[in-house]
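Let me begin by presenting the structure, written as structure tokens, before commenting on it.
The values are calculated or read from the model by the stated rules, or taken from the named source; none is laboratory data. No experiment lies behind these values; they were computed from the predicted model shown. Ideal geometry is used to build each Cβ from the backbone, glycine not excepted, and the neighbour counts take in all protein chains shown. Side chains included, ligands, DNA and RNA excluded: accessible areas come from the protein's heavy atoms. Shrake-Rupley method; radii C 1.70, N 1.55, O 1.52, S 1.80 Å.
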Amino acid sequence: MTDLIETIRRTLVPIHKEGYPFILIGIVLTVVLGYFSQFFGWVFLILTLWVCYFFRDPERVVPVGDGLVVSPADGRVNLISTVLPPPELDLSHEPMLRISVFMNVFDCHVNRVPVSGKIGQIHYTPGLFLNAELDKASEDNERNGLVMETTHRGQPVRIGVVQIAGLVARRIVGFVSAGDAKQVGERFGLIRFGSRVDVYLPVGTRVMVGLGQKAVAGETVLADLGGGPERAFRRI
């Protein structure tokens, strides 16, 4: 009996409180429309279950180590490039390594800090709602950026994390404030519904993921600040 209860507990993933209003609306619409039409009742029941799935907030097992940068989002690594960081974050006037993780509407959308440290600043920028997979979405889309102040081998390092709204996403939600101290893997926000998160790292950082790879927020190691040769990948 104990094993059965533990299995059920691990299967039922917690739902983030940001999803409660949407789930409540879905339940009401399911009941009301289902009263008049069985078809629409089933349609809204399925949509309500999908909303529950979308706002899931599972526990994660976070790798800990000096220099490790974990993924801030669930999704697919769709861009790895060296570009100028967003000017509003005042990170650097020189190009930095950017790793982008694209979240579709079926990915968990709770975002987690990629490194331990203090949040130096947060800057919201209004903008467009282009497809978040596009490279220009980093400059044109609505976004919310924060700077993580961390250390590596005793030296200060500043890392940028930018939540980018997408074609469907219309709301970036933050859980933190400037000056907050956070441990790697802790939650800092979410985006509704489908979007992207960019991580800006110093040039020389070792990339530990490949394009197209599935990343898991708080668990997948994106990069190592210690440097070294990039890992090789191949599709099978």
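Observations on the structure shown:
- Pick from the range 178-230, criterion surrounded by 14 or more Cβ atoms within 10 Å (Cβ to Cβ) and among the basic types (K, R), ranking: nearest to L47 (Cα to Cα): R192
- Among the strands (runs of 3 or more DSSP E) confined to the range 87-127, the ones with at least 3 residues that are open to solvent by 30 Å² or more (accessible area, probe 1.4 Å) and in contact (Cβ under 8 Å) with a residue 40 or more places away in the chain are located at 117-125.
- Failed condition for I159, given (1) part of a strand (DSSP E or B); (2) within 30 Å of P21 (Cα to Cα): (2)
- If the condition is being closer than 13 Å to S138 by Cβ and among the basic types (K, R), then the range 59-101 contributes only R98.
- Scanning the range 42-52 for residues that are free of Cβ contacts under 8 Å to residues at least 24 places away in the same chain and either crowded, with 18+ Cβ neighbours inside 10 Å or of a type in the set (F, W, Y) (or both) returns W42, F44, W50.
- Condition met for R171 (at pLDDT 90 or above and among the basic types (K, R)): no
- Count of the range 182-204 residues which are of a type outside the set (K, R) and within 20 Å of E59 (Cα to Cα): 9
- The range 61-79 - residue that is more than 9 Å from G185 (Cα to Cα) and small (G, A, S) and, of those, most open to solvent (accessible area, probe 1.4 Å): G65
- Yes/no for R235 being open to solvent by 50 Å² or more (accessible area, probe 1.4 Å), at pLDDT below 90 and under 26 Å from Q155 (Cβ atoms): no
- Residue within the range 128-143 that is within 11 Å of the chain's Cα centre (by Cα) and not β-branched (V, I, T) present: no
- Complete set of residues in the range 152-171 that are aliphatic (A, V, I, L, M) and more than 24 Å from V221 (Cα to Cα): L167, V168, A169
- Identity of the residue in the range 128-156, closer than 13 Å to G67 by Cα and either in a loop (DSSP other than H, G, I, E, B) or free of Cβ contacts under 8 Å to residues at least 24 places away in the same chain (or both), that ends up least open to solvent (accessible area, probe 1.4 Å): G154
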